[in-house]
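Below is one structure, written out as C-alpha cells; comments come after it.
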Amino acid sequence: MKKSMLIAVIALFSIAASAAETNPTPAQTEAKYTAAIEGRTADILKSLALADADQTAKVHAAIIAQYRALKAWHDENDAPLKAAAKDTNAVAQIRASLKTIHDAFITRLSESLTPAQVEQVKDKLTYGKVQFTFAGYMTAYPNLADEHKQKIMELLKLAREEAMDGGSAEEKTAVFQKCKGKINNYLSKQGIHPEKKNKLPPPEAGTPAK
C-alpha cells in the first residue's frame, strides 16, 4: 500500500513538473531568457578579454540591453512584418525603427570599444558566419582576384549588419543564405564559376545548436 502511495506521489510530481515546463509562468519564462542572454553576453565578453572592470560593465549593459530591445521589437513587429511581406513600402516603414535600435547599439558599443572590438562583437552575435562563409568561397573559388574577394567580404558584412538584428538563429542563417545568392549571382556575372571538386558549406554551418 505504502509503495503504491509513493508511486502515486512521484507520478503527481512528474505531472506537475511536466505541466510547469509546458506552461511556464511569466516569471519562469523571464528567468530562462535572462539566463540565456547572460550566457551569450558572458561568451562575448570572454572573447573580448577586457581588462578594465568599468569598460566591461558598460559593454555588458549595452549587449544585454540590445538583446532585450530586439526581443521587444520582434515580439511587436514580426506579425505585422509577415502580414506586409508583399508590401515593400510597409516593410520598410516597419523596419525603420529596427535600424534605429541597431545604430544606437553600435554607437553605444563604440563609446567603450575600438572598431576592431566592435567587429568582434558583431561576429559573435552572428556566429562567425562572415569568416566561415568567406573561407568557403575561398575554397570553392581558389583563384579569385582581390577585387572579387573584397566584393564578397563587402556583401557578407552587409549581411552581418542585417543578421545582427534577427530574432532567432534561423533568421540570421536565412540572411546569410540570401547573401550567398547575391554573391553567386555576382560571381556568375563576372564569368566566374566554382571548381567542380569544391563545394560551399551548407547555410546552417556555423550556427550553434540550440
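Out of segment 149-179, which residues are over 15 Å from Thr126 (Cα atoms), surrounded by 15 or more Cβ atoms within 10 Å (Cβ to Cβ) and out of contact with any helix residue (DSSP H, G or I) (no Cβ under 7 Å at 6 or more places or on another chain)?
Within segment 149-179, no residue meets the criteria.
What about Arg108, is it modelled with pLDDT under 95 and in the same structural domain as Lys58 (by TED's automatic domain parsing)?
So Arg108 does not fit the description; no.
Is there any pair with a first residue in segment 86-103 that is within 13 Å of Leu70 (Cα to Cα) and modelled with pLDDT of 95 or more and a second that is of a type in the set (Gly, Ala, Ser) and surrounded by 11 or more Cβ atoms within 10 Å (Cβ to Cβ) whose Cβ atoms are under 6 Å apart and which are 6 or more apart or on different chains, and what are they?
Ile101/Ala69
How do the helices (runs of 4 or more DSSP H) wholly within segment 112-181 filter down when requiring 3 or more residues that are under 10 Å from the mean Cα position of the chain (by Cα) and under 21 Å from Ile101 (Cα atoms): which remain?
So the answer is 115-125, 146-163.
Restricting attention to segment 52-79, report how many residues are modelled with pLDDT under 95 and either in the same structural domain as Met164 (by TED's automatic domain parsing) or aliphatic (A, V, I, L, M) (or both).
Adding up the residues that qualify gives 1.
Need pairs with beta-carbon distance below 8 Å; first residue among the acidic types (Asp, Glu) and within segment 42-58, second at pLDDT 95 or above; sequence gap 6+ or separate chains.
Asp43/Lys124
The values are calculated or read from the model by the stated rules, or taken from the named source; none is laboratory data. Remember, it's a predicted structure, so these values are computed and weren't measured experimentally. Every residue, glycine as well, gets a Cβ built from its backbone with ideal geometry; the counts of neighbours run over all protein chains shown.
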